[in-house]
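Got a structure here, written out as structure tokens. Questions coming.
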Amino acid sequence: MKLFSLIVFLAFLLGTSADVSSLISESLFNEMLKHRNDQACKSNGFYTYNAFIAASQSFNDFGTVGDDTTRKREVAAFLGQTSHETTGGWPSAPDGPYAWGYCFITETNMDTYCTPSTDWPCATGKQYYGRGPIQLTHNYNYGPAGRAINSDLLNNPDLVATDPTISFKTALWFWMTPQANKPSSHDVIIGKWTPSAADTSAGRVPGYGVITNIINGGLECGIGEDSRVADRIGFYKSNYNYGPTGTAINSDLLNNPDLVATDPTISFKTVIWFWMTPQANKPSSHDVIIGKWTPSAADTSASRVLGYGVITNIINGGLKCGIGEDSRVADRIGFYKRYCDLLGVSYGDNLDCYNQRPFA
């Protein structure tokens with residue numbers, strides 16, 4: 001009986017560790033891909049949480065290797081990269097551009113994408129344009145992906161655009177599988193990949209950036225700054241805000257993000273946490289407004305000076321600062337002035353960030 005109980009217990013542990021749903025709840029999934037079911041998105045109703053979980057269970061190592069941080073980082077990286085591939089966002093989109101991942105199922109350029117191949121011959125009349133979260137393209141990807149997930153995608157490529165579980169499976173296959181002379185994205189994000197001498201000399205080092213190189217390096221990497229790379233990074237970063245905030249206020253916001261919209265005390269706590277906490281290479285808004293922050297030489301050369309304006313730069317400088325006058329900045333200033341008037345205090349200096357370059 002004891003042996004049987006132990007076996008059952010171990011089976012339970014193995015089962016729970018293999019289930020990505022232990023990392024990402026349906027409500028968190030919906031928050032991360034907030035507008036995927038918007039009427040403006042062609043994917044409306046297609047990319048479901050249940051399909052994502054079902055597909056992930058076909059790849060035992062996805063989101064299950066390493067400590068909680070590593071596991072969560074893998075899910076964030078996967079959704080970040082695939083959100084870029086399917087994004088419907090724009091700079092001034094509601095909730096920001098990174099709330100619009102998974103807006104498309106197929107690419108707009110529905111070309112044939114048939115490369116002559118003995119191993120993966122193109123089926124007559126079939127097209128292998130980008131479909132699904134990873135935008136699977138070319139017969140030489142549809143063939144092996146289909147074999148791996150036990151679906152004949154060479155003869156039925158539209159399954160990737162009509163069956164959501166198969167769609168997620170193809171993206172996970174690409175994520176988990178080394179591509180030619182490239183490591184798998186999975187091995188990179190869990191820290192299993194060691195760069196060769198050739199990788200090191202080419203600047204390919206462990207981190208999220210090399211995953212972009214794996215997926216679309218020929219177009220996006222080695223050419224200096226690129227908006228598409230920034231887009232991928234933005235999606236990845238956006239998946240992390242709820243984690244550190246929740247830890248700081250002792251609430252599990254990763255699994256219960258709706259608490260921010262349903263519990264008013266928690267809602268205020270999250271915004272005060274952001275206000276009081278330095279963000280990456282930015283000072284805290286608190287330190288700026290109380291005069292504790294001293295601009296560095298780089299800040300001064302970028303016109304980031306003490307005052308209310310630099311707080312706008314901290315919060316949303318990438319969209320609103322360094323681009324001249326902007327109605328959104330004026331709106332922030334208007335609210336600030338009204339509240340200063342009601343409180344009976346002066347405004348201080350440098351309220352706008354029109355000529356400041358955003359924090360890198």
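The values are calculated or read from the model by the stated rules, or taken from the named source; none is laboratory data. Please read these numbers as outputs of a predicted model, since none were measured by experiment. No Cβ is skipped: glycine too gets one built from the backbone with ideal geometry, and neighbour counts run over all protein chains shown.
Restricting to segment 72-104, name every residue that is out of contact with any Cys (no Cβ under 9 Å at 6 or more places or on another chain), surrounded by 21 or more Cβ atoms within 10 Å (Cβ to Cβ) and assigned to a loop (DSSP other than H, G, I, E, B).
G101
Next question, about the same structure. I want to confirm something. Restricting to segment 57-81 and keeping residues that are under 17 Å from the mean Cα position of the chain (by Cα) and among the small types (G, A, S), which single residue is farthest from V20 (Cα to Cα)? Explain how you work it out, then say what you get.
Initial filter on segment 57-81 (under 17 Å from the mean Cα position of the chain (by Cα)): 62-63, 69-81.
Subset that is among the small types (G, A, S): 63, 76-77, 80.
Details: G63: 6, A76: 12, A77: 14, G80: 16 Å.
Result: G80.
Look through Y129, Y47 and report the one residue that is outside the structural domain of G191 (by TED's automatic domain parsing), over 22 Å from G209 (Cα atoms) and modelled with pLDDT of 95 or more.
Values: Y47 fails: outside the structural domain of G191 (by TED's automatic domain parsing).
Residue meeting the stated conditions: Y129.
For segment 163-221, please list each of the helices (runs of 4 or more DSSP H) lying entirely inside it that holds at least 2 residues being within 16 Å of the chain's Cα centre (by Cα) and of a type outside the set (D, E, K, R).
On the way: elements: 164-176, 185-189, 197-201, 208-220.
Passing ranges, in order: 164-176, 185-189, 208-220.
Now for a different question. (1) of a type outside the set (F, W, Y); (2) surrounded by fewer than 18 Cβ atoms within 10 Å (Cβ to Cβ); (3) at pLDDT 85 or above: which one isn't true of A202, the others all being true?
Every condition holds for A202 apart from (3).
Answer with yes or no whether I223 is in contact with a Pro (Cβ under 9 Å, 6 or more places away or on another chain), over 27 Å from D95 (Cα atoms) and either among the hydrophobic types (A, V, I, L, M, F, W, C) or at pLDDT 75 or above (or both). Please lay out each step first, then the result.
Working: in contact with a Pro (Cβ under 9 Å, 6 or more places away or on another chain): no; over 27 Å from D95 (Cα atoms): yes; either among the hydrophobic types (A, V, I, L, M, F, W, C) or at pLDDT 75 or above (or both): yes.
So I223 fails the test.
Which ones in segment 112-125 are touching a Phe, Trp or Tyr at 6+ places or on another chain (Cβ under 9 Å) and either under 8 Å from N139 (Cβ atoms) or exposed (fewer than 12 other Cβ atoms within 10 Å of the Cβ) (or both)? It would help to see each step written out before you state the result.
We begin by selecting, within segment 112-125, every residue touching a Phe, Trp or Tyr at 6+ places or on another chain (Cβ under 9 Å); these are 112-115, 117, 119-120, 122.
Hits for segment 112-125 are Y113, C114, T115, S117, D119, W120, C122.
Here's the yes/no breakdown for (1) out of contact with any helix residue (DSSP H, G or I) (no Cβ under 6 Å at 6 or more places or on another chain); (2) under 30 Å from K34 (Cβ atoms); (3) not small (G, A, S):
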position: G89; (1), (2), (3): no, yes, no
position: A93; (1), (2), (3): yes, yes, no
position: Y98; (1), (2), (3): no, yes, yes
position: T106; (1), (2), (3): no, yes, yes
position: N109; (1), (2), (3): yes, yes, yes
position: D119; (1), (2), (3): yes, no, yes
position: G130; (1), (2), (3): yes, yes, no
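Under the condition of being in a helix (DSSP H, G or I) and either in contact with a His (Cβ under 7 Å, 6 or more places away or on another chain) or not hydroxyl-bearing (S, T, Y) (or both), which residue from segment 57-71 is surrounded by the fewest Cβ atoms within 10 Å (Cβ to Cβ)? Before you say what the answer is, go through the steps one by one.
So in segment 57-71, the residues in a helix (DSSP H, G or I) come out as 68-71.
After this cut, where a residue has to be either in contact with a His (Cβ under 7 Å, 6 or more places away or on another chain) or not hydroxyl-bearing (S, T, Y) (or both) as well, the list is 68, 71.
Numbers: D68: 11, R71: 21.
So the residue we want is D68.
Considering segment 24-45 alone, what residues qualify as being over 14 Å from the mean Cα position of the chain (by Cα) and without any contact (Cβ under 8 Å) to a residue 60 or more places away in the chain? So that I can check it myself, show each step before the final result.
First pass over segment 24-45, keeping only residues over 14 Å from the mean Cα position of the chain (by Cα): 25-27, 37-45.
E26, N37, Q39, N44, G45, listed by residue number.
For segment 57-73, which residues satisfy the criterion of being over 15 Å from F168 (Cβ atoms) and of a type in the set (G, A, S)?
G66
Right, here's the next one. Out of curiosity, is S58 over 16 Å from T165 (Cβ atoms) and assigned by TED's automatic domain parsing to the domain that holds S21? First the steps, then the outcome.
On the way: over 16 Å from T165 (Cβ atoms): no; assigned by TED's automatic domain parsing to the domain that holds S21: yes.
Answer is no for this residue.
Every residue in segment 37-56 that is part of a loop (DSSP other than H, G, I, E, B) and closer than 11 Å to F168 by Cα, please.
Our first condition is that a residue be part of a loop (DSSP other than H, G, I, E, B); within segment 37-56, this holds for 37-48.
Within segment 37-56, F46, Y47, T48 qualify.
(1) of a type in the set (A, V, I, L, M, F, W, C); (2) surrounded by fewer than 15 Cβ atoms within 10 Å (Cβ to Cβ); (3) touching a Phe, Trp or Tyr at 6+ places or on another chain (Cβ under 6 Å): which one isn't true of A51, the others all being true?
Condition (2) is where A51 drops out.
Another one. Do the conditions hold for I289, that is, is it aliphatic (A, V, I, L, M), within 27 Å of K34 (Cα to Cα) and either outside the structural domain of K34 (by TED's automatic domain parsing) or at pLDDT 85 or above (or both)?
On the way: aliphatic (A, V, I, L, M): yes; within 27 Å of K34 (Cα to Cα): no; either outside the structural domain of K34 (by TED's automatic domain parsing) or at pLDDT 85 or above (or both): yes.
No, not satisfied.
Of the conditions (1) assigned to a loop (DSSP other than H, G, I, E, B); (2) free of Cβ contacts under 8 Å to residues at least 60 places away in the same chain, N313 satisfies every one except a single condition; which number is it?
So the condition that N313 fails would be (1).
Can you confirm whether segment 175-198 contains a residue that is closer than 22 Å to T137 by Cβ and in contact with a strand residue (DSSP E or B) (Cβ under 8 Å, 6 or more places away or on another chain)?
The answer is no; no qualifying residue exists.
Then there is this: Got at least one residue in segment 146-157 being in contact with a strand residue (DSSP E or B) (Cβ under 9 Å, 6 or more places away or on another chain), farther than 20 Å from Y49 by Cα, in a helix (DSSP H, G or I) and outside the structural domain of G191 (by TED's automatic domain parsing)?
Quick first cut of segment 146-157, residues in contact with a strand residue (DSSP E or B) (Cβ under 9 Å, 6 or more places away or on another chain) only: 153, 157.
With the extra rule that they be farther than 20 Å from Y49 by Cα, the set shrinks to 153, 157.
Keeping just the survivors that are in a helix (DSSP H, G or I) gives none.
Within segment 146-157, none of the residues are in contact with a strand residue (DSSP E or B) (Cβ under 9 Å, 6 or more places away or on another chain), farther than 20 Å from Y49 by Cα, in a helix (DSSP H, G or I) and outside the structural domain of G191 (by TED's automatic domain parsing).
List the residue pairs whose Cβ atoms are under 8 Å apart, where the first residue sits in segment 201-213 and is within 13 Å of G80 (Cβ to Cβ), the second is acidic (D, E), and the two are 6 or more positions apart or on different chains.
Qualifying pairs under 8 Å: T212/E220.
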